[in-house]
Structure formats: structure tokens, C-alpha cells
1. Among B:ILE197, B:ILE252, which is the only one that is over 28 Å from A:LEU107 (Cβ atoms) and β-branched (Val, Ile, Thr)?
2. If I filter the stretch B:179-201 for residues that are more than 30 Å from B:ASP114 (Cα to Cα), β-branched (Val, Ile, Thr) and touching a Pro at 6+ places or on another chain (Cβ under 9 Å), do I get at least one hit?
3. Among the residues of the stretch A:82-102, write down those that are touching a residue at least 24 places away in the same chain (Cβ under 8 Å) and assigned to a strand (DSSP E or B).
4. State the number of residues belonging to the stretch B:125-139 that are more than 16 Å from A:ASP86 (Cα to Cα) and either of a type in the set (A, V, I, L, M, F, W, C) or at pLDDT below 95 (or both).
5. In this structure, is B:GLY257 away from chain A (no Cβ under 14 Å), surrounded by fewer than 19 Cβ atoms within 10 Å (Cβ to Cβ) and farther than 21 Å from A:THR47 by Cβ?
6. Hey, among B:LEU137, B:LEU120, which residue is surrounded by 20 or more Cβ atoms within 10 Å (Cβ to Cβ), more than 15 Å from the chain's Cα centre (by Cα), not hydroxyl-bearing (Ser, Thr, Tyr) and not in a helix (DSSP H, G or I)?
7. Any idea which residue in the stretch B:213-222 is nearest to the other protein chains (Cβ to nearest Cβ), counting only those that are touching a residue at least 40 places away in the same chain (Cβ under 8 Å) and over 13 Å from A:PHE46 (Cα atoms)?
Amino acid sequence: MTLASALIRAHIRERLAAALALPIVALAASSIAMAGEPVTIRIDNFTFGPETVTVAPGTKVIWINGDDIPHTVVSQTKLFRSKALDTDDRYTFTFDAPGEYPYFCSLHPHMTGKVVVKAPAG
Amino acid sequence: MHDPTDPNDDPTRPSRRGALECMVWAGTGLLWTLGGGLPRAVGLERALAAEASPAPFSFLQISDSHVGFNKPANPDALGTLREAVEKIRTLPQKPSFIIHTGDISHLSKDREFDDADQILRETGVPMFYVPGEHDLLDDEPGRAYLDRYGKGSRGAGWYSFDQNGVHFIGLVNVVDLKAGGLGNLGAEQLDWLEKDIAGLSSSKPIVVFAHIPLWTVYPEWGWGTQDGARALALLKRFGSVTVLNGHIHQIIQKVEGTIAFHTARSTAFPQPAPGSAPSPGPMKVPAGELRQHLGIASVSLVHGNEPLAVIDTPLAG
């Protein structure tokens with residue numbers, strides 16, 4: 001095998017690999033959007049952060065309380081309600097249906113947040 | 001103004017209303033006198049001299065003991081409650097009873113309530129409670145509180161009683177809070193309040209106590225009560241109304257017409273002054289200074305026409 005033909009073969013292999021890899025990457029990207037990695041909302045300084053998150057249907061949302069004071073995560077439409085979360089406690093809820101889900105802390109009701117569930121575009 | 005037709009208005013006899021016009025609080029070592037609605041501080045020595053004649057009736061306010069709290073702002077909230085009770089036991093005049101304005105426990109656990117009860121029992125005087133939001137964190141919110149402290153109360157734990165001619169009203173403003181809102185009394189409790197005071201003479205001194213301040217201290221931190229103004233409107237006709245609250249772990253006072261507002265210190269941990277920190281969370285102070293930020297308040301009703309006077313006592317300093 002000449003050096004030139006070896007280079008061409010290598011090039012073809014790379015192109016082939018890239019061609020094969022492309023749909024896999026695309027599939028992976030769309031599966032992130034569909035199933036969703038868990039999304040974390042921090043509770044620090046009596047604030048939900050980020051205050052609004054937008055996620056795909058089926059996404060698991062995890063709240064973690066970083067304050068020295070307990071907080072709760074309570075849906076304004078009574079869809080979900082955590083127990084009191086002490087420092088470092090977590091609460092998880094999986095959002096299946098598209099829509100807007102406003103919530104608040106029932107102990108400190110000035111603390112509000114929103115989860116927006118939206119199917120990815122395309 | 002003197003009214004000869006009012007038997008309570010005999011200037012030679014101190015009236016109930018006159019009795020409440022001078023309320024002495026044991027406190028920071030400063031006596032706050034309110035003349036013309038403007039607070040003026042005088043030194044503790046003068047305050048003690050003014051107290052020379054013993055008051056006929058006094059009670060004490062304790063608040064926000066947060067038993068179970070063990071975070072850096074105070075790793076031993078039970079210990080500081082114990083110190084507060086020691087302080088109460090050494091008061092020269094034993095209070096007739098103690099009002100606890102809520103957040104007895106930190107997480108509403110049986111063990112926390114047990115510990116609080118055991119220590120507060122050592123005061124040897126009757127206790128009256130209203131719940132804070134930290135006392136309603138059990139699985140069936142408020143069940144544990146009502147089972148322990150709710151005897152004879154209505155709804156979420158509100159009630160009233162009379163003592164030495166003063167009408168005391170305990171209100172609950174920590175249940176059914178609405179998103180984006182403040183403390184909440186609710187229509188049922190306001191209806192009850194209206195009926196409760198309907199038959200009372202306007203000269204009857206009133207003391208109202210609740211956990212969250214009934215007036216708006218700082219809405220950005222939720223320090224106020226959404227429908228508090230409705231309760232205060234019902235109380236407007238009374239000549240002397242004193243509102244005692246907790247929740248904000250610091251002393252804030254205000255006089256509006258015939259209504260005097262006071263918030264008490266916590267026995268567990270201090271919170272920052274409104275807007276002075278990123279959040280109202282527990283304020284960590286140098287260990288040696290903690291007890292200057294914790295304390296109790298004692299209220300004495302003394303006969304005479306002195307203006308309202310206020311003192312608060314820290315655990316140390």
C-alpha cells in the first residue's frame with residue numbers, strides 16, 4: 001500500500017465514521033430535549049434560583065435548600081407539595097405535561113418561582 | 001378627656017386604661033418613653049428608679065425559641081432558651097403569665113416541642129401560645145401544635161382571655177399563606193375577632209399577640225400581614241391597644257394613634273435589620289455577641305398617667 005492510498009483510506013474511514021456518528025449525535029441531542037437531564041433549582045437567600053426554568057416534558061426537577069431555614073415547594077395549582085425541606089434537603093418532581101407551573105414557599109410566600117414545560121422546537 | 005359620667009374616668013382612681021398607659025418592658029437596658037408618639041431613650045438607672053413602686057400586674061413575652069435549631073448562627077438554641085428561662089426566674093417581680101409569640105420549635109418535631117415544654121415549665125407560670133410557621137411543619141400541618149397548645153382555641157389556634165381588666169387576643173397569621181403574599185388571618189378569624197370584641201367597652205385595654213407582625217414592617221421579606229389592616233381597623237375604637245409580635249427576631253416599635261406595636265427578640269438567633277442583608281436568614285454574629293441579640297420582654301402595667309414606656313432585656317450585655 002502506498003502512502004497516498006493509505007491516507008485516502010484513512011480519510012474515507014474518518015468520513016465514514018463522521019457520517020455514521022452524525023445521526024447518533026443528532027439522536028443524542030434530541031433525546032436530551034425529549035427526556036431531559038434533571039434540572040436543579042437552588043433555594044438560597046430565600047430565593048428560588050433560577051426563578052423560572054423551562055424544561056422539556058418528562059424532565060425531573062430537583063430543588064435543593066441551601067438556607068439555614070426550612071422552606072417548602074408548593075404548586076399554586078396543588079399539583080405538587082413538598083414537606084418542609086431543612087438545610088440540604090431535596091425535593092423532586094417530574095413534569096410530564098406541557099404548561100406553566102407556578103409555585104411558592106408556603107412558609108415564606110414572598111418566595112415564588114415557575115417551571116415552564118415545553119416540547120423542544122422542531 | 002375627663003368624662004364625669006364614666007365610672008372608669010374618675011381622675012382620683014386609676015382606670016384600667018390608665019393602668020395600661022404605662023407599660024414597662026424589661027429589655028435592652030434602655031427605657032423607651034413615647035411622648036407625643038416620639039420615642040425617647042433614657043438610661044436604665046432612671047428607668048429602674050421609675051419602677052420603684054411595684055406594678056400590680058405584669059406579664060412576659062418570649063418568642064422564636066426555635067428549639068431544634070443548631071446552625072452556625074446559634075448551635076445551641078435549647079441552651080439559650082434555658083438561659084432566658086433562668087433570666088425570667090430571677091426577675092424581681094414574677095410575671096403573672098408568659099405569652100409565647102410562636103416558633104416554639106424549629107421543625108415541629110415532637111422532641112423539639114417536648115424540650116421546649118420541659119424548659120418553659122420551669123418558669124412556674126402559665127403559658128399562652130400562638131403558633132409560628134415553624135410550628136406547623138408536621139405531616140398534617142398544625143395537628144401537633146393544636147394537640148399540645150390548642151385547648152380551648154378556635155380554628156388554627158386563635159382565642160382570647162381576660163386578665164386584670166385587660167382583654168388579650170391571640171391571633172394566628174401563619175396558615176393558608178398565599179403565593180406572593182404576607183402573613184394571613186383569613187375571613188373566618190376576622191369574623192371571630194369582630195364578634196369577640198363586639199361587646200367590649202372602648203375603654204377596655206387590649207393586647208393583641210400574633211407571630212408575624214400585624215403591620216407591614218418589610219414586605220420584600222414577607223414581614224407583614226396581608227389582612228392585618230382589617231384586624232387593626234376593628235380595634236381602632238379602643239383607647240389602648242398593644243400589639244405584640246415575633247417572627248423578625250429583633251425589636252421594632254411603632255405607635256399609630258392608640259395602637260402601639262412591638263416585636264420581640266428571639267431566644268435563638270438574630271435576624272438582620274430590614275433590607276440590610278441579602279435575605280432575612282439567621283444572622284451570624286461573633287460568638288461573644290450572640291446574647292446581646294437575644295432576649296425577652298416583660299410588660300408591667302403600672303397605675304398613673306405616664307406615657308407608654310418600653311424596656312427590653314437581652315440575655316447578656
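1. B:ILE197
2. no
3. A:LEU85, A:ARG90, A:TYR91, A:THR92, A:PHE93, A:THR94, A:PHE95, A:TYR101, A:PRO102
4. The number of residues fulfilling the criteria is 4.
5. yes
6. On inspection, the qualifying residue turns out to be B:LEU137.
7. Selected residue: B:TYR218.
Residue-wise test of (1) within 14 Å of another protein chain (Cβ to nearest Cβ); (2) touching a residue at least 24 places away in the same chain (Cβ under 8 Å).
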{"site": "B:LYS109", "(1), (2)": "yes, yes"}
{"site": "B:MET127", "(1), (2)": "no, yes"}
{"site": "B:ASP135", "(1), (2)": "yes, yes"}
{"site": "B:ASP139", "(1), (2)": "yes, no"}
{"site": "B:LYS204", "(1), (2)": "no, yes"}
{"site": "B:VAL207", "(1), (2)": "no, yes"}
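The values are calculated or read from the model by the stated rules, or taken from the named source; none is laboratory data. Predicted, not measured: the structure shown is a model, and the values here were computed from it. Cβ coordinates were reconstructed from backbone atoms using ideal geometry, including for glycine residues, and neighbour counts include every protein chain displayed.
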